[in-house]
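The values are calculated or read from the model by the stated rules, or taken from the named source; none is laboratory data. Owing to the predicted nature of the structure, the values given are computational and were not obtained by experimental measurement. Positions of Cβ are generated from backbone atoms using ideal geometry, with glycine treated the same way; all protein chains shown enter the neighbour counts. All accessible areas refer to the heavy atoms of the entire protein, side chains included, with ligands and DNA or RNA removed. Shrake-Rupley method; radii C 1.70, N 1.55, O 1.52, S 1.80 Å.
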Amino acid sequence: MSLPAWGAGTAGIATASASAITLRKLSILNLSPLDFATIIATPAAGTITIDPDDDSRSSTGGSMGAGGVPQAAKFYTYGGPLQNLQVNRGPLPVLTRVGGGATMNVTGLTLNGPVLRFLDAAGLLDLRVGGTLAVGANQATGTYTGTFQIIVTYY
């Protein structure tokens, strides 16, 4: 009876990626987008809302959630320890259908806290932004995208 020699055999090699992001003081970084996920439009108009505190999705009227992973936009801000800041938004976004032919308006953006706040003792703030999407009656199917601005003023 023969046994394989110790250490004989095949080797497996795997690769992985690594990354890092460094922030300068008085900066803001978008970590993830506001995502209403998959929705169903019916003959009646409605709204889809994403809560910035817990990423939950609710609906009114003829629209409803239909899967996917809805989430509030997530930002990370960095400044001085306990530094005061103010959070504002730019214009409300209009989402445009990829390939054209239709739009949907975001009718409100909501924060996971007050407009005026303080950074923590490390100078950090986890900022989340939810929103409300107006879905038209018989809204055209497809993927809709758009952008919005969050403005943080450090004091």
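Some observations on this one:
- Residues of the range 80-105 that turn out to be outside any strand (DSSP E or B), touching a strand residue (DSSP E or B) at 6+ places or on another chain (Cβ under 9 Å) and open to solvent by less than 50 Å² (accessible area, probe 1.4 Å), as a count: 5
- Residue list for the range 18-42, filter: closer than 28 Å to residue 123 by Cβ and over 16 Å from the mean Cα position of the chain (by Cα): 18, 19, 20, 21, 22, 23, 24, 25, 26, 27
- Test for residue 153: is it under 21 Å from residue 42 (Cβ atoms) and in contact (Cβ under 8 Å) with a residue 60 or more places away in the chain: no
- Subset of the range 106-124 (residues that are assigned to a strand (DSSP E or B), open to solvent by less than 70 Å² (accessible area, probe 1.4 Å), more than 28 Å from residue 38 (Cα to Cα) and at pLDDT 95 or above): 117
- For residue 77: the one exception among (1) assigned to a strand (DSSP E or B); (2) open to solvent by 70 Å² or more (accessible area, probe 1.4 Å): (2)
- Residue that is surrounded by the most Cβ atoms within 10 Å (Cβ to Cβ), among those in the range 13-61 that are of a type in the set (D, E, K, R) and touching a residue at least 12 places away in the same chain (Cβ under 8 Å): 57
- Within the range 126-138, tally of residues that are open to solvent by 20 Å² or more (accessible area, probe 1.4 Å) and in contact with a Ser or Thr (Cβ under 8 Å, 6 or more places away or on another chain): 4
- Of all residues in the range 110-130, exactly one satisfies the criterion of being in contact (Cβ under 8 Å) with a residue 60 or more places away in the chain and in contact with a Gly (Cβ under 6 Å, 6 or more places away or on another chain), namely 123.
- Taking the criterion of being β-branched (Val, Ile, Thr), modelled with pLDDT under 80 and within 20 Å of residue 77 (Cβ to Cβ), the residues of the range 9-51 that qualify are 21, 22.
- All positions within the range 95-134 that are within 18 Å of residue 70 (Cα to Cα) and hydrophobic (A, V, I, L, M, F, W, C): 95, 104, 106, 109, 111, 127, 129, 133, 134
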